[in-house]
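Working notes, structure below.
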Amino acid sequence: MEKVFVVGGTGRVGTQLVAQLLSNKNFDVTIGLRNNSNQVNSSLSEHHARLHYKFFDLLSVQSTISKQITGFDYVYFVAGSRGQQLIQVEIYGVLKLIAAASENDIKRLIVLSSIFSLEPDHWQDETLKDIPDYNVAKFVADYWLVHNANVPYTIIQPSHLIETPAKGTIQVNVTEDGENAIGDVAETLYQVLFLPNTINKVIKMHSGSTPIDQALKEI
């Protein structure tokens with residue numbers, strides 16, 4: 001059984017990602033919690049034998065973060081500070097997690113980012129122009145992971161997240177912004193785990209008409 005650590009597993013995307021992971025009996029899942037009072041959706045209780053919780057804080061020093069992910073096969077970062085601690089969480093926290101993943105020979109670090117984070121020319125697009133600091137924070141973290149990290153990675157860059165039912169279809173390698181059902185983003189994060197062709201790739205996506213597994217296989 002492979003062990004998966006999820007940073008941000010109680011958020012909107014993280015909760016659905018954890019459900020996807022637990023649907024596969026080959027995965028043992030640990031959610032890193034900064035606030036021990038957080039709870040994952042009770043519908044996951046049937047998987048309690050393969051679902052664990054561990055105190056985890058991206059504000060900790062790197063050596064502590066490294067110890068906390070020791071023994072895991074895969075690490076997901078699907079967390080965020082909602083704009084409150086962009087430097088400490090979205091930038092420095094991710095850089096420490098990248099270094100920790102490298103030290104622990106993690107098989108893959110899968111990061112949820114933001115559309116066009118590595119393409120500043122798009123930052124004046126309608127849906128991005130009002131979040132310049134967030135764009136910069138995501139740029140720094142993603143750029144470091146692509147150009148400096150020594151760990152296999154996949155970066156998922158979805159468009160605007162919306163609270164609508166998942167369709168199971170997406171479009172990748174997009175050149176314009178759009179929308180993504182949260183469930184489709186969660187499934188995409190899950191599916192890349194099984195596709196070697198998505199290793200060391202940045203995947204830009206929004207809603208579309210191609211089944212998720214097919215769209216990812218064609219990257």
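The values are calculated or read from the model by the stated rules, or taken from the named source; none is laboratory data. What you see is a predicted model, and the numbers here were worked out from it, not measured in a lab. In this analysis, Cβ positions are derived from the backbone assuming ideal geometry, glycine residues included, and neighbour counts consider all displayed protein chains. Accessible surface areas use protein heavy atoms only, side chains included; no ligands, DNA or RNA. Shrake-Rupley method; radii C 1.70, N 1.55, O 1.52, S 1.80 Å.
Going by the conditions given, is residue 207 crowded, with 17+ Cβ neighbours inside 10 Å, more than 17 Å from residue 117 (Cβ to Cβ) and touching a strand residue (DSSP E or B) at 6+ places or on another chain (Cβ under 9 Å)?
Working: crowded, with 17+ Cβ neighbours inside 10 Å: yes; more than 17 Å from residue 117 (Cβ to Cβ): yes; touching a strand residue (DSSP E or B) at 6+ places or on another chain (Cβ under 9 Å): yes.
Answer is yes for this residue.
Taking the criterion of being in contact (Cβ under 8 Å) with a residue 40 or more places away in the chain and open to solvent by less than 10 Å² (accessible area, probe 1.4 Å), the residues of the stretch 165-182 that qualify are 170, 174, 182. Comparison of 61, 29, 7, 13 shows that the only residue that is at pLDDT 95 or above, more than 26 Å from residue 158 (Cβ to Cβ) and of a type in the set (A, V, I, L, M, F, W, C) is 61. Does residue 189 satisfy the criteria of being touching a residue at least 24 places away in the same chain (Cβ under 8 Å), assigned to a strand (DSSP E or B), out of contact with any Ser or Thr (no Cβ under 8 Å at 6 or more places or on another chain) and open to solvent by less than 50 Å² (accessible area, probe 1.4 Å)? No; evaluated as a whole, the condition is false for this residue.
Of 97, 44, all but one fail to be open to solvent by less than 20 Å² (accessible area, probe 1.4 Å), at pLDDT below 95 and touching a Leu at 6+ places or on another chain (Cβ under 9 Å); the exception is 44.
I need the full set of residues from the stretch 141-158 which are over 16 Å from residue 78 (Cα atoms) and out of contact with any strand residue (DSSP E or B) (no Cβ under 6 Å at 6 or more places or on another chain), in order please. So that I can check it myself, show each step before the final result.
Going through the stretch 141-158, the residues over 16 Å from residue 78 (Cα atoms) turn out to be 143-144, 146-152.
Once the filter is applied, which keeps residues that are over 16 Å from residue 78 (Cα atoms) and out of contact with any strand residue (DSSP E or B) (no Cβ under 6 Å at 6 or more places or on another chain), the stretch 141-158 yields 143, 144, 146, 147, 148, 149, 150.
Among the residues of the stretch 187-208, is there at least one that is over 22 Å from residue 139 (Cβ atoms) and at pLDDT below 95?
Our first condition is that a residue be over 22 Å from residue 139 (Cβ atoms); within the stretch 187-208, this holds for 187, 190-191, 193-197, 207-208.
Restricting the remaining residues to those that are at pLDDT below 95 gives none.
No: the stretch 187-208 contains no residue that is over 22 Å from residue 139 (Cβ atoms) and at pLDDT below 95.
With respect to the conditions (1) among the charged types (D, E, K, R); (2) under 22 Å from residue 143 (Cβ atoms); (3) under 14 Å from the mean Cα position of the chain (by Cα), residue 177 lacks only one, and its number is (3).
One residue stands out among those in the stretch 47-88 that are among the charged types (D, E, K, R), within 21 Å of residue 186 (Cβ to Cβ) and assigned to a loop (DSSP other than H, G, I, E, B): the one that is least open to solvent (accessible area, probe 1.4 Å), which is 73. In the stretch 132-153, which residue that is in a loop (DSSP other than H, G, I, E, B) and modelled with pLDDT of 95 or more is nearest to residue 196 (Cα to Cα)? Ranking the candidates gives 152 first. Looking only at residues of the stretch 1-26 that are aliphatic (A, V, I, L, M) and in a helix (DSSP H, G or I), we find that the one that is farthest from the chain's Cα centre (by Cα) is 22. On inspection, residue 111 does not qualify as part of a loop (DSSP other than H, G, I, E, B), surrounded by 19 or more Cβ atoms within 10 Å (Cβ to Cβ) and modelled with pLDDT of 95 or more.
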